[in-house]
Structure formats: C-alpha cells, structure tokens
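One structure below.
The values are calculated or read from the model by the stated rules, or taken from the named source; none is laboratory data. All of these numbers come straight from a predicted model, not from anything done at the bench. Every residue, glycine among them, receives a Cβ derived from its backbone with ideal geometry; neighbour counts consider all protein chains shown. Surface areas here come from the heavy atoms of the whole protein model, side chains and all, with no ligands, DNA or RNA. Shrake-Rupley method; radii C 1.70, N 1.55, O 1.52, S 1.80 Å.
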Amino acid sequence: MKRLMTPLCLFVVAASLTVFSRVTAQNADMPRIMVVVDEKIDDKDATARKVAGKIENAFLAKGYRLVDKSQFESVRGRDLALGDLNATKAKELGRRFGAELIIAGGAQAVFGEERETYGIKNVEYTADGEVKVIITDTGDILAVASATSKKSSQGKSQAASKALEEIGETLANDLVAKVEKNLKEAKEQPIVVQLALLGVNDASLIKIEQELPGKISMIQKMKLRYMEGDAAVLDVWIRGSIDDLRKQFSSMADYKVESFTGNRLDVNTKVSGTKAKVSYALPSALEISEFKVENIFPAAYNYYAYNPIGQITIENTGKAEIKNVKASFFIPNYMQLPSEQVIPVLKAGSKETFPVSVTLDSKQLLAISENTVAQIKAELSYNLGGEAKSRSLTKPVTVYSRTSITWSRPNSVGAFITSNDDAVKNFSRYVLGSVKYDQTLLEGAPRNVLNAMAVWNGIRAFSINYVSAAWRVADADLLDDVQFPRETLANHTANCSGTSVLLAACLENIGIRTALVGTSDHVFVIFETGVNKKNASRISLNEKDYVVLDNTVWIPLETTIINHPFAEAWRLAADGYYKIADTQGRLDIIDVRKAWEQFPPANLAVNVKASEPPPAEKVGALMNEDLKNVAQISNQMLEQKVASLKKKGDEKSSNEAAKYLANAGKYADAIALLKAYSSASSKNNIGNVYLLQGDSANAYKNYTAALNADKNDGGLNLNMGLLLYLGGDQEGTVHSFASAVSKFPSQEKAYAELGIDHIVSEITKTRAAEKGATIDRNELQSLLFAALQDVAAKKDTRPNTARIRRGENRFVFGGRRGIDPTQLSNIKDFLYWKI
C-alpha cells in the first residue's frame, strides 16, 4: 500500500530544504580549505588521519568548506613540508584542487617508555606537530601553530593515537582562532594588489591615476611601482577582493581585462590618446630578462655591504657581441651613490646573470620606523655600432622598519645584539662595578654565573615589562619585531626577542659567550658558564638544568620573566628546552659570535637616550636574594644525591659523592668518605679535595700514590701539574702537562678528555670577565700550550720537585703569584676527577 505524505510532512521537508539552502548560501562565502598533514608513528606513515581529521572537523563546525581528501590522495604532507610549501606551489595546488586555504605540516608520535603499575603495563608515546595555513592566491602565511602531547595506554597503537588526537585537538583550536581573527582583520583592512595598465603614456597615466579612484569606489589608494614602455604597474589598495576589482573594470567601456591572477590584474586602456595595441617596451639589442631584489632589513646593512640583495639577468638579443656593459643600481633616499659594475663582453644570443650589490645609507635605513616601499633602478649603458645606448628598469623594493627581522635567517639577529653600544656598555659595567653582594652565599660559583646573575638582577631592577608581539606577514616574509638594546633600556618594554637581545648584549659586553635558542614561536637565551662538561656537577646535579655545547656547560634563561628571580627563569627555560629536545622538536641554536661574523652589530643612528640605571642597593638586594635561592636549591639537591650514593656503600659511589661534596666546599665530609680506599681513583680524588682545601703536602702525597698505582691515566698527571703550577714550579708543570697529553692517542683527544679543549681554544678571546681573578689564566693557558706544542722535545725534562719532598716549599699559595686558597675557583674547572 503506497503511503502518501501528509501536509505536515510536506511542511517539514520544505522547511528543511529552506534551512539547508540558507546554510549552503552562508557556507558559500566561507573559504574552501585543504588539509594535508604528514602523520607518522615511530617513523612509519599513520593509516588513520587523527590530526588532519581533528582540524577538518573544527573548521567544518565553523562553516568552512573542505576539499574532499579523496581528491588529493596522491598528495602527502611530506610533499608540503613547512620549508617547501612556497607561494608558487601553494598557488598551483589551489588552482588544481579549488582550495583557497591550504593547511599543511607534519605530526609524529614516538615511543617513549613502558611502565608497569600494580601489574598493569602501560606504554607512553610523545607526539609533536606543526602546521601552517597558506593563502593560495598570494602564498602568504595566514597562521602557524605547533603542539606537543604525551599519552599512555596499555597498547602502543592506543597510546600513539591518543597523543596524535590530543595535538590534533590543540592545533585545530589554535588554527581556527588564528584564522578567524586574521580573516576578520583582513576584511576590515584594505588589501594591496597589482594593477598593470597597458597602452598608456605619461599624460594618460596621470589622468587615470586622478580619475580612477572616483570611478571605482573600492580603490583607496594607488602608487606607481614602475613604468616600462607603454605599460605601467601600480600598487592598488582596495576594500574587497581582486575579483570584485576585475568585475568593476569589466563593466567599464574604457577598459578591457587582459589577464587575471590571484594578486594581479592586467587591464588594457582604451582612453583617447592611448594605443589600442599593447607594446611593453621598445625593442633593444640588450634586454633585462629578469630582475629580482629581496626586501631590505635595515639592521642588516653591514650584511648587505658584502652580500648581494638580488640578481639581474641580461640578454643580448642582437647578432653582434656587446662589450663593456656598465650596470648601475640606485635606490633614491637609501643610497648616496649608485653601485656600478662592468660586464666585459656579452656574446650574441647569450644571457648572463650576476648579483646586484649595493652600498646602503645606514643612517637613513635606521631612521625607518614603518615599512616603506622604495624604487630600485637598474640601468645598463653600452655602445653598439658607435652609438651610445641604455636600457633601464625600475622595481619596487620594500624597506622594512629598523626593528624587523625574519627568523628564516636566524643569524640576522646578530645585527641587533649591540654589545659595544654605549648604553649597553655603561649599564653592564655599572652593574659589575657598582653593585655589592655577598659572594659567600654561593661559595665556589663560577665567575661567569655570578656575573650573569648580577646582570640579570640589574635588568630585573630596571623593570623591563614584557609585551607580546604577534608575528606578521609582509610580502611573503614572516616578520618579528626586535628592539635594539638601547631602545629597550629607554622604553622599559620588549617582547621575548627584545629581552633576549638585551640580555645577550649585556653578557657579551662583559665577556660571557651567549646564544639564542629559537623554537617555532619563541626565543630565549643560554650563556656559557666556562665550566667544562666533565665538571657539569658544579652547575647542577640535574643534567636537565643545563645544556652542553662545545664541551662546555651553558645555562638557559627565560627572558619573558625578566622581572622574576634568576632561579625561576633558569628552571622555566631548562624545562622548555628539554620539553622540545626530548620530543625532537625544533630548536635553533644561534651562536651570537658566529652570527656576528655574518651579520655584524648595527650602529643605531637614532637618538634614543637610555634611562638612568637602577640604584646599586636595589640590585644588590635582589642579587643576595637570588644567591640564597640558588644555594638553597643546590644544597637540597646535594643532600639528596649524597644520601642516595652513601646508601650504595661502594667505592665508586663514595668517589662520586666526594666530588660533589668537595665542589660544594664540604671538604671534611669528602675526605671522610675516601680515607678507607687506596685505589688510584680514590687517591687522586682525595688529592683534589686536599688541593681545594689548601693542603698542598697531602695533595702531593695522594697524587703521587695515584700515579704509582696507575701510570696510564693522563688525568693524574694533569692534576699534579696544577699542583706544581700553584707552587711556582714551572718546569715541573710543563713536564706534567706534557706527560698528561702523551698518554692519549692524539692531542685533540687529550684536550677533550682532560677538559682543557675550550681553554686552549680561548687563548685569543677576551678576558673582560676575569679582570679580578688572582690566578693568571692566560699564563696557565700559555703553559698548557707550551707543553702541547712539542711533547717529544720535553721527554727529557725532569720536574724540580725535590724541594717539595724536602718540605722547603709547603705550597702555602703565597708563591710568585701570591695565589690565595679562597680564589681557586678556576682550578675547579681544570681538576680531573677519576670516577
């Protein structure tokens, strides 16, 4: 029996169709997106699209339209890697699949560990992911997001899926918020498109520029970029889309749309007095076939002095070779004179590409506070058939504000780290010279650490307020703003980049080596403690409190909390560093001194006066507070570590505990742990304790016993050499150091194993931070170097140690250099502990 629809049913269907049509009409205005994420589990392709699915669902819920994944099964996330998805590829994929936005990136889940709790085994997986949103019309980056997660379950598959789902949820929420915010802002702001007017001359172009904004109300502003022959290219600011602009021109009888792309419109003019036939340029034997210029970052003017800003390709289209082609380049207002170069010969039918080099006016560049568009003119002059000829082309080039930087060139931050700026120098030296604090609160701390803490608290007392600054996209460059240190000291505000640059500049000024650590969306600082990695326990007993680079220990500091205690910034930065490192996330280590080799510091020409430094008493009070905090944390860690080692009760654990106690100044406790043992390790280590305590006789006695017990360990000779050095026995010192090195297969191996590699490498480096050191480190370096230059030549050297054995010199540390036992912090860096 056929069932007929009732009027109520028909009403419901009609209503449903009406609602559906409204939703469809609304969604039709929403961008169409394509989501391609390369998802992996333990380096293998994941079958389920956990991350991509979460992102797609989040955008669908907001009314966005999706490109069906079945349409692009051959496209994988790895094909759209973050570094490879350029503007050209984005445009091609957009046309191919009808996507207006592409969300691309990668996500991976990696097995962590397996734990058993109450008999139940759980597997832990860590996941991280990073994606970006590209506008296919322009190739511009609309948003970037990253996330990490750690999940556990009873099975590997479940744990990995949970971790990927969580980062998918995080990325989805972050991207939706950023995209909607940026799209809303874009609708409210005019956009810039290129308009090519064909068939114009100077007079008609002026007339068009005057009349067109009145005829097309969506045009807010027009600016000529360049004119070549009877074609002119302009930047046009419009409210609306370029498609709306195309429709406006198509409806006007005086214009004809010739071509149309995502950000450029070519229009042929039919205004009276202009040509109907388009001719882009007059024919010439010498043509400029390509002229590329990168946008200019003012702070990098020293970099541009030695590196080109672009390239130009010229072509000889004639039948005869052209000699002595002079190419000149000039940017009005930003160059004092044109830059010129000569191409000796260009054969007929050939092309040649050469770099565009310019010398920029730093004073004019560093005065720019907002992005501006300039014009660079390339002019070719040559002689053909006895007739002087020329060919020129003008292109726009964006000159960014003086604080702009792109992290795609990480080393460019070096230009902002102006350690020799008077404002930085005065501030740093004021802190070290005027601030008094109680060094006994953290006895034995390396000088670099104390000086870094002092500078930190100087900035802390200065009250620099952190302000966030969103990255911005300009001409396909992802830009960040970095204030110069002088500006931060004047403004009392900065983002993470600005505070990091200020701290790095101040530390470099007093001789402390620094590096910036860049993540996907953040920057912080690490500084070198001067402590070799073999003595890392002097810095912390927790290996994840520090970073080891070039065999030395570095401390990380989170500068977004630069108004907080040193220990808090240390802990936050260390946690952040290893959270990313442990999941194999992105960490760019930017060595400041290496960055300077490519991007030397800029000399800020702007008259920015730094504020007066904070009262020395305030800095000193903060410093003492920080010293107490760090000491308390270190003591708690020491007590727990020593107690744990003592429970084991074996000789190796006792030696390890003794090392920690000695470095903390607890000499009696360290000696008590080792007295019962007679091995080379225990004798050497108890000798170290006596040396640090100032008891040279017992140090010599135990070192001698250690050398007799083990004749193959060069580290024992190193310690004896240090003892002889402190006693003034230069001959014995040289012999001991030479013996130490001779017991290794190579000098390089000896440097690394003995922990003296960084000392030898720094012979020519600044010692600004060590001016008050009683021990002459340069002298020690020279002795080391003399011993290492020619080990064979010193094989007959005999140490003059008889006087030590006879007791004529008791090593009271009052020898020829007047060395005081309370100033042996440098010796701790050299001592060899045999564990």
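Of all residues in the range 705-720, those being part of a helix (DSSP H, G or I) and closer than 18 Å to Val741 by Cα number 10. For the range 607-628, filtering for residues that are touching an Asp or Glu at 6+ places or on another chain (Cβ under 8 Å) and more than 23 Å from Arg513 (Cβ to Cβ) leaves 2. Among the residues of the range 97-147, those identified as in contact (Cβ under 8 Å) with a residue 40 or more places away in the chain, among the aliphatic types (A, V, I, L, M) and open to solvent by less than 20 Å² (accessible area, probe 1.4 Å) are Ala99, Leu101, Ile102, Ile103, Ala104, Ala107, Ala109, Ala127, Val131, Val133, Ile134. I want to confirm something. Restricting to the range 415-447 and keeping residues that are outside any loop (DSSP other than H, G, I, E, B) and open to solvent by 80 Å² or more (accessible area, probe 1.4 Å), which single residue is farthest from His492 (Cα to Cα)? Once the filter is applied, the top-ranked residue is Thr440. Against the numbered list (1) open to solvent by 60 Å² or more (accessible area, probe 1.4 Å); (2) free of Cβ contacts under 8 Å to residues at least 60 places away in the same chain; (3) part of a helix (DSSP H, G or I), Leu450 comes up short only at (1). Reported count of residues in the range 366-397, each being of a type outside the set (Gly, Ala, Ser) and either more than 21 Å from Phe354 (Cα to Cα) or in contact with a helix residue (DSSP H, G or I) (Cβ under 8 Å, 6 or more places away or on another chain) (or both), is 8. Test Ile590 against the criterion of being touching a strand residue (DSSP E or B) at 6+ places or on another chain (Cβ under 8 Å) and open to solvent by less than 20 Å² (accessible area, probe 1.4 Å), and give yes or no. In short, yes. Inspect all residues belonging to the range 695-704 and state whether any of them is surrounded by fewer than 24 Cβ atoms within 10 Å (Cβ to Cβ), of a type in the set (Phe, Trp, Tyr) and either out of contact with any strand residue (DSSP E or B) (no Cβ under 8 Å at 6 or more places or on another chain) or at pLDDT below 95 (or both). Yes: the range 695-704 contains one or more residues that are surrounded by fewer than 24 Cβ atoms within 10 Å (Cβ to Cβ), of a type in the set (Phe, Trp, Tyr) and either out of contact with any strand residue (DSSP E or B) (no Cβ under 8 Å at 6 or more places or on another chain) or at pLDDT below 95 (or both). Of the listed requirements (1) at pLDDT 90 or above; (2) assigned to a helix (DSSP H, G or I); (3) open to solvent by 40 Å² or more (accessible area, probe 1.4 Å), Val51 misses just one: (3). Scanning for something modelled with pLDDT under 90 and touching a Phe, Trp or Tyr at 6+ places or on another chain (Cβ under 8 Å), does the range 519-529 turn up at least one residue? Yes, there is a match, as at least one residue in the range 519-529 is modelled with pLDDT under 90 and touching a Phe, Trp or Tyr at 6+ places or on another chain (Cβ under 8 Å). Quick one: is Asp68 on the phi > 0 side of the Ramachandran plot, modelled with pLDDT of 50 or more and either out of contact with any Cys (no Cβ under 8 Å at 6 or more places or on another chain) or of a type in the set (A, V, I, L, M, F, W, C) (or both)? When the stated conditions are applied, Asp68 does not pass them. Here the range 705-727 is the region considered, the condition is being among the small types (Gly, Ala, Ser) and open to solvent by 30 Å² or more (accessible area, probe 1.4 Å), and the residue that is nearest to Tyr690 (Cα to Cα) is Ala705. Looking only at residues in the range 227-243 that are open to solvent by 20 Å² or more (accessible area, probe 1.4 Å) and outside any strand (DSSP E or B), which one is modelled with the highest pLDDT? Per the criteria, the residue is Arg239. Taking the criterion of being in contact (Cβ under 8 Å) with a residue 24 or more places away in the chain, aromatic (Phe, Trp, Tyr) and over 28 Å from Ser634 (Cβ atoms), would at least one residue in the range 672-686 satisfy it? No. Whether any residue in the range 81-96 is at pLDDT 85 or above, out of contact with any Asp or Glu (no Cβ under 8 Å at 6 or more places or on another chain) and either open to solvent by less than 10 Å² (accessible area, probe 1.4 Å) or in a loop (DSSP other than H, G, I, E, B) (or both) is what I want to check. The answer is no, given that none of the residues of the range 81-96 is at pLDDT 85 or above, out of contact with any Asp or Glu (no Cβ under 8 Å at 6 or more places or on another chain) and either open to solvent by less than 10 Å² (accessible area, probe 1.4 Å) or in a loop (DSSP other than H, G, I, E, B) (or both). Is it true that Lys215 is loosely packed, with under 14 Cβ neighbours inside 10 Å and at pLDDT 90 or above? Considered against the rule, which asks whether it is loosely packed, with under 14 Cβ neighbours inside 10 Å and at pLDDT 90 or above, Lys215 comes out as yes.
Only one of the listed residues (Ser401, Ser408) is closer than 25 Å to Ala515 by Cα, open to solvent by 60 Å² or more (accessible area, probe 1.4 Å) and touching an Asp or Glu at 6+ places or on another chain (Cβ under 9 Å). That residue is Ser408.
Taking the range 308-374 as the region of interest, the strands (runs of 3 or more DSSP E) fully inside it that hold 2 or more residues being open to solvent by 60 Å² or more (accessible area, probe 1.4 Å) and in contact with a strand residue (DSSP E or B) (Cβ under 7 Å, 6 or more places away or on another chain) are 322-330, 339-346, 351-356. Out of curiosity, is Glu639 open to solvent by 70 Å² or more (accessible area, probe 1.4 Å), farther than 24 Å from Val455 by Cα and of a type in the set (Asp, Glu)? Criteria met by Glu639.
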